[in-house]
1. Using +1 at the Cβ of each Lys and Arg and -1 at the Cβ of each Asp and Glu in region 16-78, identify which of 62, 26, 50 lies farthest towards the dipole's positive end.
2. At 0.890 mPa s and 25 °C, plugging the Kirkwood radius over alpha-carbon pairs of region 32-77 into Stokes-Einstein gives what diffusion coefficient in µm²/s?
3. If you put +1 on each Lys and Arg Cβ and -1 on each Asp and Glu Cβ, how big is the dipole of region 32-77 around its Cα centre, in Debye rounded to 20?
4. Measure off 7 Å from each Cα along the Cα-to-Cβ vector at residue 21 and residue 68, then give the distance between these two points in nanometres to one decimal.
Amino acid sequence: MSDIVLFGFGPVSSPTTLIIVGIVALLLFGNRLPSVMRSLGRSVVEFKKGVNGIEEDIDEAVRNADDKAKKELDEETK
C-alpha cells in the first residue's frame, strides 16, 4: 500500500507534514486565519445539512415504497 506524499515531505498524515502545512497556512493567512477557519466551519455545517437532507429524502422514499408494497400485498391477499 502506498502513502500519499505531499511536496516530497513524506506521508500526508505524518506530524512533520502537518506542522509544515500549518506553518504555511499561518504565513499565507496570518491575522485572517480566524475568519478563514470560521468560514470553513460554516461551509462544513452547510455541507452536513445538505447531506442530512438528502438522507432524509431517501429514507422517506424508501418508507413510501415499503408502504405502497405492503398495501398492494394486502390487497392481493384479500
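1. Of the options given, the answer is 26.
2. Using the Kirkwood radius from Cα pairs, D works out to 183 µm²/s.
3. Working: 9 positive and 12 negative charges, 175 e Å.
Roughly 840 debye for region 32-77.
4. About 4.5 nm separates the two model spin labels.
Rule-based calculations on the coordinates, nothing more; no lab input. What you are looking at is a predicted structure, and each value in this text was computed from that prediction instead of being measured. Glycine also receives a Cβ, built like all others from the backbone with ideal geometry; neighbour counts cover every protein chain displayed.
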